[in-house]
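The values are calculated or read from the model by the stated rules, or taken from the named source; none is laboratory data. Just so it is clear, the model here is predicted, and its values are computed rather than measured. Note: ideal-geometry Cβ built from the backbone for every residue, glycine included; neighbour counts use all protein chains shown. Note: areas computed on protein heavy atoms with side chains; ligands, DNA, RNA excluded. Shrake-Rupley method; radii C 1.70, N 1.55, O 1.52, S 1.80 Å.
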Amino acid sequence: MTTELTIIDLTPEDDERVRQAAEILTDQLSVGYPTFEEALAEVREMLAPERICRAAIDDDGNVLGWIGSIPVYSHAWELHPLVVRGDRQYQGIGTALVRDLEERVRERGALTLWLGTDDETDETTASNIDLYPDVLAHAARLQVRPGRRHPVDFYRRQGFVVVGLLPDANGPGRPDIFMAKRLTPVTLPRD
């Protein structure tokens, strides 16, 4: 399948693409967005003027995937969410969306892009165990379990690193995994 990929701003006025983005969100992240209405509310929230919401579309104008970002700190933006239509995964769309988003937040002065990726289904070595008292040691050793798929591997390929864990964020043994990537070289002051 050779489809031309274009990345555009998703806008509130584009009802059809907003609907498609919500369908992709509930199809791919049904744990967080079990209904179309919840997914639609999330897409609309991401369309706020201070946020970034970008969509990858095919040559027919259909949404293949989308990505958002939220300014959380003066120099760090949160990547939230990233979803690609199920039949179009593993074709470089997610990578293209991440690269595009990195450029957009860099233009707004971001030095760091960060994200949280839950493990609610025992896909990583950080799930179904007690992470206390040495949470950071577990973060340093975090791996995707053999035979499983988890977004941690995708984000590592994009240059993100695990920077922390929030134990039990989604219930006992179900952590949130924090990852970050430096976007712009920095010069630190010397003592």
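Miscellaneous remarks
- Subset of the stretch 1-19 that is touching a strand residue (DSSP E or B) at 6+ places or on another chain (Cβ under 7 Å) and part of a loop (DSSP other than H, G, I, E, B) - its residue that is most open to solvent (accessible area, probe 1.4 Å): 5
This table checks each residue for (1) under 15 Å from residue 29 (Cα atoms); (2) within 14 Å of the chain's Cα centre (by Cα).
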site	(1), (2)
78	no, yes
83	yes, yes
87	yes, no
91	no, no
94	yes, yes
97	no, yes
104	no, no
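- When residues of the stretch 25-42 are limited to those that are of a type in the set (D, E, K, R) and within 23 Å of residue 119 (Cβ to Cβ), the one surrounded by the most Cβ atoms within 10 Å (Cβ to Cβ): 42
- Close pairs from the stretch 11-24: first at negative phi, partner surrounded by fewer than 12 Cβ atoms within 10 Å (Cβ to Cβ) and among the β-branched types (Val, Ile, Thr), Cβ under 9 Å, at least 6 apart: none
- Whenever a residue of the stretch 93-113 is closer than 15 Å to residue 154 by Cα, its partners that are surrounded by fewer than 21 Cβ atoms within 10 Å (Cβ to Cβ) and modelled with pLDDT under 95, lying with C-beta atoms within less than 7 angstrom and at least six residues away or across chains, give the pairs 93/5; 96/5.
- Checked against (1) assigned to a helix (DSSP H, G or I); (2) over 17 Å from residue 4 (Cβ atoms); (3) within 17 Å of the chain's Cα centre (by Cα), residue 37 passes all but condition (3).
- Members of the stretch 72-112 that are among the aromatic types (Phe, Trp, Tyr) and on the phi < 0 side of the Ramachandran plot: 73, 77
- Matching residues in the stretch 1-22 - criterion: being touching a helix residue (DSSP H, G or I) at 6+ places or on another chain (Cβ under 9 Å) and closer than 19 Å to residue 90 by Cα: 1, 3, 5, 7, 21
- Checking residue 22 against (1) in a loop (DSSP other than H, G, I, E, B); (2) crowded, with 16+ Cβ neighbours inside 10 Å, the condition it does not meet: (1)
- Residue selected from the stretch 56-80 under the condition small (Gly, Ala, Ser) and outside any strand (DSSP E or B), by the criterion farthest from residue 6 (Cα to Cα): 74
- Checking each residue in the stretch 56-82 for being over 18 Å from residue 39 (Cβ atoms), out of contact with any Leu (no Cβ under 8 Å at 6 or more places or on another chain) and either of a type in the set (A, V, I, L, M) or surrounded by fewer than 16 Cβ atoms within 10 Å (Cβ to Cβ) (or both) picks out 59, 60, 61, 72, 73, 74.
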